[in-house]
Amino acid sequence: MMGTLSFLLLGLMLSVYVLLDGYDLGVGAVSLIVARGDRERQAVQSSIGPFWNGNEVWLIAAGGVLFALFPQAYASAFSGFYLPFMVVLWALMFRGISFELRNHFESDLWRGFWDVAFSLSSIALALLFGVAFGNLLRGFPLDAQGYFQGTFALLLNPYAVLVGVLAVAALAQHGALYVAMRLSGPPADRAAALQGRLWWLVLVVYAAVTAATFAVRPAAEFGALPLLFVLPLAALAGLILTRVCTRRGSPGRAFAASSVFVAGTLASGAATIYPYLLPGYPAGGGGLSIFDSVPSPAAVGTALGVAVVGLIAVALYTTYVARKLAHPIVVGEEPAARPEGA
Amino acid sequence: MEAVIADRIQFAFTVMFHYIFPIGTMGMAPFVAWFTVKAARTGDERYARAARFWGKIFTINFAAGVVTGIPMEFQFGTNWAPFSARTGAVIGQPLAMEGVYAFFLESVFLGVFLYGRRYVSPGLHAASAVLVWLGSWLSGFFIVVTDAWMQHPVGYAIGADGRIELTSLTAVLFSPFAVWQYAHVMTGALVAGSFLMAGVGAYYLLSRRHEDEGRIFLRAGVIAGFIFSAMTIFPTGDRNGAEVTRFQPVKLAAMEGLFTSEIGAPLAIIGMPDTQRQRLIDPIVVPDALSFLAYGTFKANVHGLTAYRRELWPPVELTYYAYHVMVGLGTIFVVLMALGALLLWRGVLLRSRWLLWLLMLTMPFPYVANEAGWMVSEIGRQPWIVYGLVKTAAAASVNVAAGETIFTTIGFAGMYFALGVLFLNLVLREIALGPEAA
């Protein structure tokens, strides 16, 4: 019971992370294409400026909550995947630096460099998170404590890379919709056009990933748990709705539908690996589950209670702030992405 | 190289570099909040400029702090996996609470503070500055709680499989060790913030630029600096020391360079520890003073290092020097700030160029004192990672080789060098541009 609640809380926090940081990663991924010239790029970046750091905290906080609820899984995953985690860490650091430094100097060379760095690190993070998600679905060769027994190269297997491509495409679409929703003028038009093309890419890759998932996970699992059909169907419905809404010219609703697609896909994945935190490979081969070496139920209950109360407050004030700052952005009128600075 | 040595070098290096930035954010946050609130209430444009100016410097610090802070959370899992697995039920709690209760508050309302001036009411804008301050101080609280538990574990039980189980979260959060350590750490950060204010103010007054704001900075810095530098010694330093005396007597002996137990132990002001011959070289001591400081009577018996097995000694030289650097600097800070406060009260501070020079030149030293304080705390804790419970040697990941950690340490060194250069460049540039540009 405690284990399942913990699994749900972590799944929820990571999903919120992917939805929120997902759009600003996506904005980063498409920013070089949808925004030309300094003023447009500044406008695009200022659309995520007040939010991206808070969005990223969902990942950091999820790491802390994982530490408290599943210390062994935290220890096994972080030390077992040492190099991959370091690569993610570096991409996170590099992205943060690029965003913060960009507007400190009025120089085309300086800003151009950080724009490219920001975009590339955003794409890299989306790809890395997708590859990690793919590997979670596929499972890992693990020892009894859940320590990874394979190599870095093994993690770059075709299935995981395919999921990585899906993540880049889906989050780029998510980000393009965000730009179309928040901005007006040429960047919004380009974002809408780009999203129209990305949608087909997402559809094709999503179909390919779904087919490939049947190959890496035994089909028997799907019959056992009806949720495993409902959640991907919800995701698919979200994807189709995204198209319907953009056709009707309402990027805000399309963004919401895209959120349903992303969340549905993540939930499908979480339902597939449950009750494992680190599933073994080949699938069905055990792994580190929510029942393995967990703290006492009392400690888990305390951690869950403390986290849930805090997160409710976070959800409330984050929503309040997001509404206050969700004004439409017009290119050229928006001051620097660091209005107090630069 | 043993893996644990590489892990320790990496942690020490990355955390000491990281801590430069929280000193700045925790020390500056109350000043930024004060200027913002004052500007919102009075409409005084000088305070609004002061708030924007320090807000920019705060933000550069914050960004560098976030970027260098993420590796710290990672390293618990990557390089200290057995430690994390064994103690995660306890220390995972404050670390999770830091994310949920502090990081969100700080990040979300910094967004409002930086981007919202044109879109939210002045009241909400000022409130966001206060909430950023609260977030940064809560973050410090949860980190100090985690460290204080490693210094003096409470509220736990040892489970059947050797894992450490949490029995009382409130005991962990509000243990006297944690509370006094937190008070000491925060007053230390406030001293750094005060010296930044006073130093930049002095710089503007000496160079006869931005003198309106310079006076505001100097005044705020000197008043706060006098109060908080005195508080680093008493009560916070004194009480923190009492906790160390009570629970970590070996650390106390290493801090003071006391090798042999003595009734009426002397306090070494200076002197160089010689661990081979177990004595201080060329010491200048105050007789009986250590006994008095530790136990309140001049003839108390203070245990020296030789009263303990050698393998329980922390690295004596580093602990000793770090402690003496901290205390020596702390004393100088009190003297300087007391002089500043006196001259401010007499109304002659602005004309006392010699003191303005001293205040400006002292600006970096509170950083040194803060870092040295943490060195005393953490190096002095060795050979334990959790005092009396878990040895550091048994806490390092067995599945991460020294070579892997050295590889990433080299990477961190390069990245942090570049980051440090950029950071200094940006902050000095803001100071050169001045509050008028803000």
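Residues in segment B:264-284 that are of a type in the set (A, V, I, L, M, F, W, C) and surrounded by fewer than 17 Cβ atoms within 10 Å (Cβ to Cβ): B:Ile269, B:Ile270, B:Met272, B:Ile281, B:Ile284. I'm trying to understand the selection: among the residues of segment A:231-257, which are among the charged types (D, E, K, R), in a helix (DSSP H, G or I) and free of Cβ contacts under 8 Å to residues at least 40 places away in the same chain? Answer for segment A:231-257, where residues must be among the charged types (D, E, K, R), in a helix (DSSP H, G or I) and free of Cβ contacts under 8 Å to residues at least 40 places away in the same chain: A:Arg247, A:Arg253. Against the numbered list (1) touching a Phe, Trp or Tyr at 6+ places or on another chain (Cβ under 6 Å); (2) among the polar types (S, T, N, Q); (3) surrounded by 21 or more Cβ atoms within 10 Å (Cβ to Cβ), B:Asn399 comes up short only at (3). Filtering B:Val154, B:Val144 for residues that are under 12 Å from the mean Cα position of the chain (by Cα) and either at negative phi or assigned to a helix (DSSP H, G or I) (or both) leaves a single hit, B:Val144.
For segment A:314-331, a residue qualifies if it is in contact with a Leu (Cβ under 9 Å, 6 or more places away or on another chain) and more than 8 Å from chain B (Cβ to nearest Cβ), and the qualifying residues are A:Pro328, A:Ile329, A:Val330, A:Val331.
Matching residues to (1) in a helix (DSSP H, G or I); (2) in contact with a Lys or Arg (Cβ under 8 Å, 6 or more places away or on another chain); (3) away from every other protein chain (no Cβ under 14 Å); (4) among the hydrophobic types (A, V, I, L, M, F, W, C):
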position	(1), (2), (3), (4)
B:Ile5	yes, no, yes, yes
B:Gly24	yes, no, yes, no
B:Ala40	yes, no, yes, yes
B:Arg49	yes, no, no, no
B:Ala64	yes, no, no, yes
B:Val67	yes, no, no, yes
B:Phe83	yes, no, no, yes
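Of all residues in segment B:188-197, none satisfies being surrounded by fewer than 24 Cβ atoms within 10 Å (Cβ to Cβ) and either over 30 Å from B:Tyr320 (Cβ atoms) or within 17 Å of the chain's Cα centre (by Cα) (or both).
Checked against the criterion of being more than 9 Å from chain A (Cβ to nearest Cβ), without any contact (Cβ under 8 Å) to a residue 12 or more places away in the chain and in a helix (DSSP H, G or I), the candidates B:Val421, B:Val427, B:Val368 yield just one match: B:Val421. If you go through segment B:85-95 and pick out every residue that is of a type outside the set (D, E, K, R) and either more than 7 Å from chain A (Cβ to nearest Cβ) or closer than 16 Å to B:Val66 by Cα (or both), you end up with 5.
Inside segment A:129-146, residues that are surrounded by 22 or more Cβ atoms within 10 Å (Cβ to Cβ) and over 19 Å from A:Ala215 (Cβ atoms) make up a count of 3.
Among the residues making up segment B:20-49, none is touching a Pro at 6+ places or on another chain (Cβ under 6 Å) and under 22 Å from B:Pro364 (Cα atoms). Filtering segment A:135-158 to residues that are in a helix (DSSP H, G or I), within 21 Å of A:Ser15 (Cα to Cα) and in contact (Cβ under 8 Å) with a residue 40 or more places away in the chain leaves A:Leu136, A:Leu137, A:Arg138.
When B:Phe259 is tested against (1) in a loop (DSSP other than H, G, I, E, B); (2) crowded, with 22+ Cβ neighbours inside 10 Å; (3) in contact with a helix residue (DSSP H, G or I) (Cβ under 6 Å, 6 or more places away or on another chain), only condition (2) is not met. If you take the residues in segment B:106-126 that are of a type in the set (Gly, Ala, Ser) and within 7 Å of another protein chain (Cβ to nearest Cβ), which one is surrounded by the fewest Cβ atoms within 10 Å (Cβ to Cβ)? Top of the filtered list is B:Gly116. When segment A:281-299 is filtered for residues that are hydrophobic (A, V, I, L, M, F, W, C) and either assigned to a loop (DSSP other than H, G, I, E, B) or surrounded by 19 or more Cβ atoms within 10 Å (Cβ to Cβ) (or both), the ones remaining, listed by number, are A:Ala283, A:Leu288, A:Ile290, A:Phe291, A:Val294, A:Ala299. Of the candidates A:Pro275, A:Pro297, A:Pro279, the single residue that is within 11 Å of chain B (Cβ to nearest Cβ), in contact (Cβ under 8 Å) with a residue 12 or more places away in the chain and of a type outside the set (A, V, I, L, M) is A:Pro297.
Here B:Ser175 fulfils each of the conditions (1) away from chain A (no Cβ under 11 Å); (2) closer than 24 Å to B:Val108 by Cα; (3) crowded, with 19+ Cβ neighbours inside 10 Å apart from (2).
Across segment B:348-365, the number of residues qualifying as touching a residue at least 24 places away in the same chain (Cβ under 8 Å) and not hydrophobic (A, V, I, L, M, F, W, C) comes to 2. For segment B:317-330, does any single residue satisfy the condition of being part of a loop (DSSP other than H, G, I, E, B) and surrounded by 21 or more Cβ atoms within 10 Å (Cβ to Cβ)? Checking segment B:317-330: not a single residue is part of a loop (DSSP other than H, G, I, E, B) and surrounded by 21 or more Cβ atoms within 10 Å (Cβ to Cβ). The selection criterion, being closer than 30 Å to B:Ile158 by Cα, at the interface with chain B (Cβ under 8 Å from one of its Cβ atoms) and part of a helix (DSSP H, G or I), does not hold for A:Gly305. Just to verify a result, which residue in segment B:69-81, among those that are more than 7 Å from chain A (Cβ to nearest Cβ) and touching a His at 6+ places or on another chain (Cβ under 9 Å), is surrounded by the fewest Cβ atoms within 10 Å (Cβ to Cβ)? Ranking the qualifying residues of segment B:69-81, first place goes to B:Met72. Scoring B:Met150 on the criteria (1) in contact (Cβ under 8 Å) with a residue 12 or more places away in the chain; (2) surrounded by fewer than 20 Cβ atoms within 10 Å (Cβ to Cβ) leaves a single failure, condition (2).
So in segment A:1-45, with the set limited to residues that are in contact with a Pro (Cβ under 9 Å, 6 or more places away or on another chain) and surrounded by fewer than 21 Cβ atoms within 10 Å (Cβ to Cβ), which one is nearest to B:Leu114 (Cα to Cα)? Applying the filter and picking the extreme gives A:Glu40.
For B:Val400, the requirement of being in contact with a helix residue (DSSP H, G or I) (Cβ under 6 Å, 6 or more places away or on another chain) and within 14 Å of chain A (Cβ to nearest Cβ) is met.
Return the residues of segment A:248-280 that are closer than 26 Å to A:Ala144 by Cα and either surrounded by fewer than 21 Cβ atoms within 10 Å (Cβ to Cβ) or within 19 Å of the chain's Cα centre (by Cα) (or both); say none if nothing qualifies.
A:Gly269, A:Ala270, A:Ala271, A:Thr272, A:Ile273, A:Tyr274, A:Pro275, A:Leu277, A:Leu278, A:Gly280
Could you count how many residues in segment B:127-143 are within 9 Å of chain A (Cβ to nearest Cβ) and of a type in the set (S, T, N, Q)? Number satisfying all stated conditions: 1.
Answer with yes or no whether B:Lys56 is within 8 Å of another protein chain (Cβ to nearest Cβ), within 23 Å of B:Val200 (Cα to Cα) and of a type in the set (D, E, K, R).
Yes: the conditions hold for B:Lys56.
Taken together, the values in this text are just the output of simple stated rules run on the coordinates, not laboratory data. This is a predicted model, so every value here is computed, not measured. Neighbour counts are summed over all protein chains in view; Cβ atoms, including those assigned to glycine, are modelled from backbone coordinates with ideal geometry.
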